Amino acid sequence: MKITITGSLGNISKPLAQKLIAAGHQVTIVSSNADKAAAIEALGATPAIGSVEDVDFLTKAFTGADAVYTMVPPNMVANSWKKYIAGIGHNYAIAIKNAGIKRVVNLSSIGGHLAEGAGPISGMHFVEVEFNELEGVAVRHLRPGFFYTNFLHNVDMVKNMGIIGANYKPDSVISMVYPNDIADAAADALQSDFTGKSLYYIISSVHTSTEVAAILGTAIGKPNLPWVEFKDEDVVAAMEQNGASHDVAVNYAEMGAVIKSEKINEDYNKSAHVIKGKTSLEAFAKDFAKAF
Ligand SMILES: NC(=O)c1ccc[n+]([C@@H]2O[C@H](COP(=O)([O-])OP(=O)(O)OC[C@H]3O[C@@H](n4cnc5c(N)ncnc54)[C@H](OP(=O)(O)O)[C@@H]3O)[C@@H](O)[C@H]2O)c1
């Protein structure tokens, strides 16, 4: 099959491409950076260099593909992040129609049922809604949990302050996933003959914040690493200090609030469509220890 993958050599897209190439498919990888072309070719894929903000480019990158994998890349400087995400989804929908694509695997998120109040996840909700209106196109949405790899951003906090935390509680329940487990599920879906519109959760493990702190802490010799709950405004200030736009920072805090309230887990907890990822948090903790 000919398959076009967005997301460059990112956390999911690189292992996804590797799996598809190993299975004998012709893979095209979308990247916004011409410097990645050589690494993409070295994997055995064809680079398509351009931006997901450009519908004509996307149409060209999708044309001739039997299936596409869509994801909306993070944009830390968006002025209106939810609108930006929905807008990239709209670009994809137009390109899918223009290119006559019949099978789409779309990366969404746990919490994708929340049309508002869930930060960037509410943007992904509208991408799901628009894709579900595509006539004659089989669409499978994948709703992964919170990526284990997000905790790599906490390494400096753990090192310098001896704590780990966010704006959710020590006993908040976090449904999580290892990106490679998402790549497995996406590869399976892209190669299967599904029809209609469907959605699947992908969850590798579920732990409270305090359990996360203990598992990651144990891997670095700090088994009593405390989980500290931050105020929303502290999260906003820290994100802005790290270069995020005000709107992106506010949306991050909003996402933390739905993790805290556990509204993010509501639909997942009721769903019969769950793919269990094989990677435990303890296994990821070894990567965390290496980064530490
Ligand atoms: N983090 C979480 O907990 C979580 C949970 C649920 C869902 N998600 C979803 O997962 C996504 C991240 O997936 P990931 O970790 O696999 O991706 P990733 O590692 O962040 O990589 C995304 C890649 O997209 C490329 N890109 C950025 N802007 C682009 C543009 N304008 N046009 C074309 N390509 C562009 C970049 O590569 P180049 O520089 O080569 O272009 C970037 O490395 C999030 O955006 C979100 O939608 C995340």
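Each reported figure results from applying straightforward, stated rules to the coordinates on display, with no laboratory input. Please read these numbers as outputs of a predicted model, since none were measured by experiment. Because the Cβ atoms are built from the backbone with ideal geometry, glycine has one as well, and the counts that use them run over all protein chains shown.
So who's got an amide H within less than 5 Å of the one on PHE146, skipping anything under 5 residues away but keeping other chains? H placed 1.01 Å off N, in plane.
SER175, MET176, VAL177
Report the local net charge at GLU262: Lys and Arg +1, Asp and Glu -1, summed over other residues whose C-beta lies under 11 Å from its C-beta.
Once all neighbours under 11 Å are counted, the net charge is +1.
Taking loop as defined by DSSP and a crowding limit of 16 other beta carbons within 10 Å, which trypsin sites (Lys or Arg not before Pro) in region 46-149 fit?
Sparse-neighbourhood loop trypsin sites (Lys or Arg not before Pro): LYS102.
Rank by packing, highest mean first: peptides 45-54, 271-280, with packing defined as the count of other Cβ atoms within 10 Å averaged across residues.
45-54, 271-280
Return the ratio Rg/(2.2 N^0.38 Å) for region 133-292, where Rg is computed over Cα atoms only.
1.13
Return the percentage of antiparallel bridges among DSSP beta bridges fully within the chain, rounded to the nearest 5 %.
10 percent
Given H placed on each backbone N at 1.01 Å, which residues far from LEU199 in sequence or on other chains put an amide H within less than 5 Å of it?
Close amide H contacts, sequence-distant or interchain: HIS141.
With everything on Cα atoms, drop me the angle between helix 13-22 and the longest principal axis of the chain, reported from 0 to 90° to the nearest 10.
That works out to roughly 50 degrees.
Sort VAL206, VAL250 so that the residue with the fewest other Cβ atoms within 10 Å of its own Cβ comes first and the one with the most comes last.
Details: VAL206 15, VAL250 19.
Result, fewest neighbours first: VAL206, VAL250.
Quick one: Cα centre-to-centre distance for region 81-148 and region 260-292, in angstrom?
About 21 Å separates the Cα centre of region 81-148 from the one of region 260-292.
Please report the Cα spread of the chain along all three principal axes, rounded to whole Å, starting with the longest.
54, 39, 36
Taking amide H positions as placed in the peptide plane 1.01 Å from N, state which residues far from GLY165 in sequence (5 or more) or on other chains have amide H under 5 Å from it.
VAL228
Just name one of MET1, THR59, ALA34: the one whose Cα is farthest towards the positive end of the charge dipole of region 1-123 (beta-carbon charges, Lys/Arg +1, Asp/Glu -1).
After comparing all options, I get MET1.
Hey, what did region 1-139 get for relative contact order, percent, Cα under 8 Å, at least 6 apart? Numbers along the way, then the final one.
On the way: 247 pairs, mean separation 29.7, N = 139.
Computed over region 1-139, the figure is 21 percent.
Relative contact order (percent) for the chain, with alpha-carbon contacts under 8 angstrom and 6 or more residues of separation?
19 percent.
Taking the Cα atoms only, what angle lies between the long axis of helix 232-241 and the longest principal axis of the chain, rounded to 10 degrees?
Roughly 60 degrees, rounded to the nearest 10.
Can you flag which of LYS14/LYS60; LYS83/LYS159; LYS2/LYS97; LYS82/LYS159; LYS14/LYS102 are past 25 Å Cα-Cα?
Long pairs (Cα-Cα over 25 Å): LYS83/LYS159; LYS82/LYS159.
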